[in-house]
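I have placed the structure first, in the form of structure tokens, so that the comments after it can refer back to it.
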Amino acid sequence: MPLLVMKFGGTSVADLARIKNAAQKVKREVERGYDVIVIVSAMSGKTNELVGWVEQTSPLFDAREYDAVVSSGENVTAGLMALTLQEMDVPARSWQGWQVPINTTSAHSAARFVSIPRDNIDAKFAEGMKVAVIAGFQGVSPEGRITTLGRGGSDTTAVAFAAAFGAERCDIYTDVDGVYTTDPRISSKARKLDKIAYEEMLELASLGAKVLQTRSVELAMRFNVRLRVLSSFEETDETSGTLVCGEEEIMESKVVSGVAYSRDEAKITLVTVEDRPGIAAAIFGPLSEAGVNVDMIVQNISEKDYENHPGAVTDMTFSCPINQVARAKKAMEDARTAGLINYDDLAVDTEVAKVSVVGIGMRSHAGVAATMFKALSAENVNIKVISTSEIKISVLIDRKYMELAVQALHDAFELEKSA
Ligand code: ADP
Ligand code: ASP
Ligand code: MG
């Protein structure tokens, strides 16, 4: 039997009517001759509510109990989806992560897949079951505890099942009808893409486009899963949505394919640190040990070179997620107390955002940075930090200009027009 994976996000299973709507889409694929693995998220808003309850109960919570609580939203929708399908005469049953079992690492709240044995589910398909409904976002650790995969993790559950079961395709049903040149909520000029390369989607996702969890794109790329994003609220067929696929399948080639943004950034500057060999290691070592995900880094050049002026000083600036600022500050203060580093001041700016342009065309085109900086300067947006890689350029700017910057860059690279 050919097999499809269909994943429904939070808004697509937000209430019983929407679960029914999703179940109808599943039934249609069964009628077309597919066995289906359905992955469900929690009802929209549920996971946030559960996280809130954990934080109110225990600010420095035990991560194992956090996972026990926040994974529960998916258990409800998995059972309801199986029941809804049964009511439509589609043979279906649900599985929680531990029942499959979806084996993960024990990194609670950020667990990674280790293995997904097929036996239990294959046995049920062999008995005539048509749909296996799997609670997304969760798994079980080697210690037998419930784990979760990080926010947005049901996308990754879907891709992992598509890879493990050799699915023909992995369809991600959501509240937009595909991947756009930028978040359609930010720019009305955003244009839906028919196809996007894995590498571009990977950059867009990791730079903030939450339409797919970054890890799901990584897995799809590694296992060559045909990944499609489409709307659960519209009539859809084989050609709907956006296909995330290999570069060689893409005809359209613009230099820049998309603009991503991330609101949840903070910038930290260590003012007057010594400019000496080993200073970066002395700063970023403790940050890494404290679990701070440092993103962009700038070390200002000091006026005097170290060789001739051993007392030379410089400033070191880095960005990290806003909810890690307290941890970063503590790591730096502890490093100073331990005599590893010294600085005059630690300046925190929590009013920043990151805006990035992404495109595989950048590999072979010069001038993208110049166009980007010109567009931002025309809007009087000051750039605080810049970082680049082969296929992206990111800038850190004042958060109040974020939407303006996204729109200006979308215009500057003419993303509303197809290539
Ligand atoms: P789900 O609950 O189905 O997992 P998400 O909220 O996680 O859905 O992801 C869908 C949202 O991603 C859209 O509503 C949209 O606002 C946002 N988004 C951000 N960037 C993009 C983009 N480039 N293309 C499409 N959607 C995007
Ligand atoms: N419900 C989880 C979350 O909100 C997982 C997901 O929806 O993908 O992050
Ligand atoms: Mg999501």
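The values are calculated or read from the model by the stated rules, or taken from the named source; none is laboratory data. Note that the coordinates shown come from a computational prediction; the quantities given were computed from them, not determined experimentally. No Cβ is skipped: glycine too gets one built from the backbone with ideal geometry, and neighbour counts run over all protein chains shown. To get the accessible areas, we keep the full protein, side chains included, count just its heavy atoms, and leave off ligands, DNA and RNA. Shrake-Rupley method; radii C 1.70, N 1.55, O 1.52, S 1.80 Å.
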Report summary line: In whole Å, largest first, the alpha carbons of segment 42-86 cover along the principal axes 42, 19, 10
**Report entry** Net lengthening on full extension, R151/A378 (0.36 nm per residue, minus Cα-Cα)
**Finding:** 78.1 nm
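Considering all alpha-carbon pairs of the chain, what whole percent are spaced by more than 30 angstrom?
In whole percent, the long-distance tail amounts to 49.
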Requested in this report: Past 22 Å, Cα to Cα, is the threshold; run K27/K210; K7/K417; K25/K130; K27/K124; K210/K392; K254/K400 against it and keep the listed order.
Outcome: K27/K210; K7/K417; K254/K400
Report summary line: If one compares the long axis through the Cα atoms of helix 368-378 with the longest principal axis of the Cα atoms of the chain, the angle in degrees, nearest 10, works out at 70
Query - Using alpha-carbon coordinates, inclination of helix 16-31 to the longest axis of the chain, degrees - result: 70
Query raised in the report: By how many nm would the segment from D122 to R222 grow when fully extended, if each residue of separation counts as 0.36 nm and the alpha-carbon distance is taken off?
Result: 33.6 nm
Query raised in the report: At a probe radius of 1.4 Å, what is the per-residue accessible area of M1, in Å² to the nearest 10?
Result: 150
**Report entry** For q = 0.16 Å⁻¹, Debye-computed log10 I/I(0) when each Cα of segment 334-378 counts as one equal scatterer
**Finding:** -0.69
Report task. Figure the gain on full extension for K400 and L340 (residue separation times 0.36 nm, minus the Cα-Cα span) and round it to one decimal in nm. Result -> 18.0 nm
**Report entry** segment 137-181 versus segment 329-347: alpha-carbon centroid distance in Å
**Finding:** 40
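Lys and Arg at +1, Asp and Glu at -1: add these up for the other residues within a Cβ distance under 12 Å of A14 and post the number.
Combined, the nearby Lys, Arg, Asp and Glu give +1.
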Query raised in the report: Taking the chain as a Gaussian network, Cα atoms linked when under 10 Å apart, which of I19, I341, I39 shows the biggest mean-square fluctuation?
Result: I341
**Report entry** Efficiency of FRET between E238 and M1 - r from beta-carbon atoms, R0 22 angstrom, step 0.05
**Finding:** 0.75
Requested in this report: Taking 7 Å along the Cα-to-C-beta vector as the label spot, tell me the E87-A63 distance in nanometres, rounded to one decimal.
Outcome: 3.9
Report task. With the full set of protein chains in place, find how many percent of the accessible area of segment 116-265 is carbon and sulfur; take the probe as 1.4 Å. Result -> 47
Query raised in the report: GluC sites (Glu not before Pro), restricted to segment 73-145: which are DSSP loop and have at most 13 other Cβ atoms within 10 Å?
Result: E127, E143
Query - Cα→Cβ-extended label distance, 7 Å offset, between T388 and R327, nm - result: 3.1
Query - Straight-distance crosslink candidates among aspartates and glutamates, where the alpha carbon sits under 14 Å from K330 and sequence neighbours closer than 8 are dropped - result: E289, D345
Requested in this report: Return the distance in nm (one decimal) between the two label points of a simple spin-label model at S364 and F284, each offset 7 Å from Cα along Cα→Cβ.
Outcome: 3.2
**Report entry** Placed amide H near W95: partners under 5 Å, 5+ positions off or other chain
**Finding:** V133, I134, A135
**Report entry** R0 of 22 Å, Cβ-Cβ distance N293-V76: FRET efficiency to nearest 0.05
**Finding:** 0.10
Report summary line: Looks like segment 80-211, by Cα gyration tensor root eigenvalues a ≥ b ≥ c and the a/c under 1.5 rounded cutoff (else prolate when a/b is bigger than b/c, oblate otherwise), is oblate
